[in-house]
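Notes follow once the structure below has been shown.
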Amino acid sequence: MSDREWLLTEQPASRRQARLGQAYRRWLALRRNGLALVGLGIVVALILVAIFAPLLAPYDPIAGGDLRLDRLLPPSWAHPFGTDDLARDIFSRVIYGSRLTLMVVILVALIATPIGLLVGTTAGYLGGWVDVVLMRITDIFLAFPRLVLALAFVAALGPGIENAILAIAVTSWPPYARLARAETLTVRDSDFISAIRLQGASSARILWGHVTPLCLSSVIVRVTLDMAGIILTAAGLGFLGLGAQPPLPEWGAMIAGGRRFIIDQWWVSTMPGVAIFVVSLGFNLLGDGLRDVLDPKARK
């Protein structure tokens, strides 16, 4: 039996084979979506660029050149994206800025996703006054636009990339909680949950061992689709001077630094703006593809 036949068999001999077969089927479904593969390629490229930034960047992203000779140079072979007002190579700064962008995305996802899952599954499974209290708190957060709420938190905590990440994470969990609650409501009265409860399993074990895994795929899709919004929020905070502080090469802060030269030296703001656009598009395309693969309601 070939590896492909072993993975695609309808009668797996072990749990490991069943899980690997399911993952392989999802990969085949994702591979049939050309736009999703484009998004996956962009995300993989972002990760590789962030990892190998010291090898890819031709210049130091912080130190500038000669202000008399290298300031505000247009794109050329020596400087593919041109230079900024401090004679720093924009190409190198965009490459190193991918590290900050990837760090923001990963940390926000690691902080916001468990909070949303915990609140949503707890509210949906326990119901009653617990559901009312948790969902009203969620509604309060959803009542404010994400950027406005993030601005309020950063203003209270102080400017900086760490505070920006915390503020974005605090404002990102409510949609995940709503989605997890809706998924939990559909499965909490299922026969297999009742059987587990009759076996003496505690509420915590049922929530984290059985309900949460069922909600995870939908939440992952939502998180992936939200990555573009997270990037734009981080860039917005950086543009306003409340995110990463100079001289860190954060894309939003780079756009803010080049807005004075947008007419004559357009490349100073345009190049980091294009980077934000491409990465956001990549996450959106990948999220759409994952939604088609992981969402059981979308399968035919």
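What follows is calculated from the coordinates using simple rules that are stated; it is not laboratory data. Computed from a prediction, not measured in an experiment: that's the story for all the values here. Don't worry about glycine lacking a Cβ; one is built from the backbone with ideal geometry, like all the others, and counts go over all protein chains shown.
May I ask you to evaluate 6.51 cos²θ - 1.76 cosθ + 1.60, the Karplus curve with θ = phi - 60°, for each residue of the stretch 235-249 and list the ³J(HN,Hα) values in order in whole Hz, giving x for glycine and proline?
Rounded to whole hertz, the list is 5, x, 5, x, 4, 7, x, 9, x, 4, 9, x, x, 4, x.
Note down the magnitude of the dipole of the stretch 188-288 about its Cα centre, charges +1 on Lys and Arg C-beta and -1 on Asp and Glu C-beta and zero elsewhere, to the nearest 20 debye. List each step's numbers first, then the result.
Working: 6 positive and 6 negative charges, 44 e Å.
The calculation lands at about 220 debye.
If you take the square roots of the eigenvalues of the alpha-carbon gyration tensor of the stretch 1-133 and sort them as a ≥ b ≥ c, do you get rounded (a/c under 1.5), prolate (a/b over b/c) or oblate?
Numbers: a/c = 3.95, a/b = 1.69, b/c = 2.33.
Oblate.
Might you report the magnitude of the Cβ-based charge dipole of the stretch 33-298 about its Cα centre, with Lys and Arg at +1 and Asp and Glu at -1, to the nearest 20 debye?
Values: 17 positive and 18 negative charges, 82 e Å.
Computed about the Cα centre, the dipole is about 400 debye.
Based only on other Cβ atoms within 10 Å, what is the fewest-to-most ordering of 99, 259? Mind showing how you got there, number by number?
Details: 99 18, 259 11.
So the residues, fewest neighbours to most, are 259, 99.
For the residue pair residue 23 and residue 5, what label-to-label distance in nm results when each label sits 7 Å from Cα along the Cα-to-beta-carbon direction?
Placing both labels 7 Å along Cα→Cβ, they lie 2.3 nm apart.
Under a plain spin-label model, where a point goes 7 Å from the Cα along Cα-to-Cβ, how far apart in nm are residue 156 and residue 86?
3.1 nm
Can you sort 79, 210 from fewest to most other Cβ atoms within 10 Å of each residue's own Cβ?
On the way: 79 22, 210 17.
Listed from fewest to most nearby Cβ atoms, that is 210, 79.
Work out from phi, with θ = phi - 60° and the Karplus expression 6.51 cos²θ - 1.76 cosθ + 1.60, the ³J(HN,Hα) of each residue of the stretch 187-198, listed in order in whole Hz, and give x for Gly and Pro.
For the stretch 187-198, the Karplus-derived couplings read 10, 5, 9, 5, 5, 5, 5, 5, 5, 5, 5, 5 Hz, x marking Gly and Pro.
Around residue 242, with a cut-off of 15 angstrom between Cβ atoms, what is the net charge of the other residues, counting Lys and Arg +1 and Asp and Glu -1? Write down the numbers at each step before the final one.
Numbers: positive: 146; negative: 162, 250.
Here the count lands on -1.
Expressed as cubic angstrom per residue, what is the convex hull volume of the alpha carbon set of the stretch 33-298? Present the calculation step by step, with values, prior to reporting the outcome.
Working: hull volume 37.5 nm³, N = 266.
Residue-normalised Cα hull volume stands at 141 Å³.
What net charge do the residues around residue 130 carry, taking every other residue with its C-beta under 14 Å from that of residue 130, with Lys and Arg at +1 and Asp and Glu at -1? Could the numbers behind the result be given before it?
Working: positive: 136, 181, 188; negative: 131.
Around residue 130, the charge tally is +2.
Would you kindly derive the ³J(HN,Hα) couplings of the stretch 269-278 from the backbone phi angles with the Karplus curve 6.51 cos²θ - 1.76 cosθ + 1.60 (θ = phi - 60°), listing them in order in whole Hz, with x for Gly and Pro?
9, 5, 5, x, x, 5, 4, 4, 4, 5
If you line up the long axis of helix 128-142 against the longest principal axis of the chain, both from Cα atoms, how many degrees apart are they, to the nearest 10?
Taking the Cα atoms of the chain, the angle to 128-142 is about 20 degrees.
Toward the positive end of the charge dipole of the stretch 33-298, about the Cα centre and with charges on Cβ (Lys, Arg +1; Asp, Glu -1), which of 277, 63, 169 goes farthest?
So the residue furthest toward the plus end is 169.
What residue among 237, 251, 48 has its Cα farthest toward the positive end of the dipole of the stretch 33-298, where the charges are +1 on Lys, Arg and -1 on Asp, Glu, each on the Cβ?
237
Of the options 221, 79, 153, report the single residue whose Cα projects farthest towards the positive end of the charge dipole of the chain (beta-carbon charges: Lys, Arg +1; Asp, Glu -1).
221
Using r as the Cβ-Cβ distance of residue 278 and residue 194, and R0 as 45 Å, what FRET efficiency do you calculate, to the nearest 0.05? Walk me through the intermediate numbers first.
Working: r = 49 Å, r/R0 = 1.08.
Calculated transfer efficiency: 0.40.
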